[in-house]
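Input: a single structure, listed below in structure tokens.
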Amino acid sequence: MSEVSLAPGRRLSEIRQQLGMSQRKAAELSGLTHSAISTIEQDKVSPAVSTLQKLLRVYGLSLSEFFAEEHKSNEPRIVINAADLIEIGSRGVSMRMVHNGTPNPTVAMLLETYQPGSTTGDKIKHQGEEVGTLLEGEIILTVNGQSYPLRAGQSYAINTANPHSFSNISTRICRIVSAHTPNTF
């Protein structure tokens, strides 16, 4: 069984243990509470992307490394099927990453789906740039505390070093295609 087939919390627990780190130390380094890490590792809750990123930074892993399955070939794929996209979202936010097996890609592309009432949660912050286009629905993009309502057909470009989040306060699904550089996933 590959590590990827494990539940996310169990996989996080195994990675932490392989690094010889206690839950308390992981909590201290990530800025999360000990109880939050314990609850996540027991798979009682699914962590928000921002929470997962905090833990993975401590463990020295990117989101794509955490979610990527081992590939049988060392050759990067040219065509990636929908079933091969890597899901990195949670809590009503689907973020499906296009990944061809390249060890250190410089750009990340996500196909994002926001269920009505869903949000990315805590403000996300990482070095780089992000551009995206809303394909369907409406979303509220918040950057540095300023809210920007966006509708289908509109695009955005942000410096991701600024705290940002996405929230779907409508009653319809919202779909976004986005690209990020450098690849922090």
### Query
Just the accessible area for Asp122, please: 1.4 Å probe, Å², rounded to the nearest 10?
80 Å²
### Summary
Among trypsin sites (Lys or Arg not before Pro) in region 97-184, those in a DSSP loop whose Cβ has at most 15 other Cβ atoms within 10 Å are Lys123, Lys125, Arg172
### Task
Show that you can apply the helix-only estimate: for the chain, add -39,500 (n - 2.57) for every DSSP H stretch of four or more residues, divide by all residues, and state [θ] at 222 nm to the nearest 500.
-6500 deg cm²/dmol
### Query
If you take the charge dipole of the chain about its Cα centre, with +1 on Lys and Arg Cβ and -1 on Asp and Glu Cβ, which of Asn159, Ser118, Leu134 is farthest toward its positive end?
Ser118
### Message
Probe radius 1.4 Å, ligands and nucleic acids ignored: give me the carbon and sulfur share of the accessible area of region 77-185 as a rounded percent.
### Response
54 percent
### Query
How long is the gain from Gln146 to Thr106 if the chain were fully straight, where each residue apart is worth 0.36 nm and the alpha carbon distance is subtracted?
11.5 nm
### Task
Starting from the amide H of Ser118, placed 1.01 Å from N in the peptide plane, find each other amide H under 5 Å away whose residue is 5 or more places distant or on another chain.
Asn168
### Query
Nearest 20 debye, what's the magnitude of the dipole of region 74-185 about its Cα centre given +1 on Lys and Arg Cβ and -1 on Asp and Glu Cβ?
200 debye
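The values are calculated or read from the model by the stated rules, or taken from the named source; none is laboratory data. Every value quoted in this text rests on a predicted model; they were computed, and no experiment measured them. Cβ sites come from the backbone with ideal geometry, for glycine too, and all protein chains shown count toward neighbours. SASA here: full protein model, heavy atoms, side chains in, ligands and nucleic acids out. Shrake-Rupley method; radii C 1.70, N 1.55, O 1.52, S 1.80 Å.
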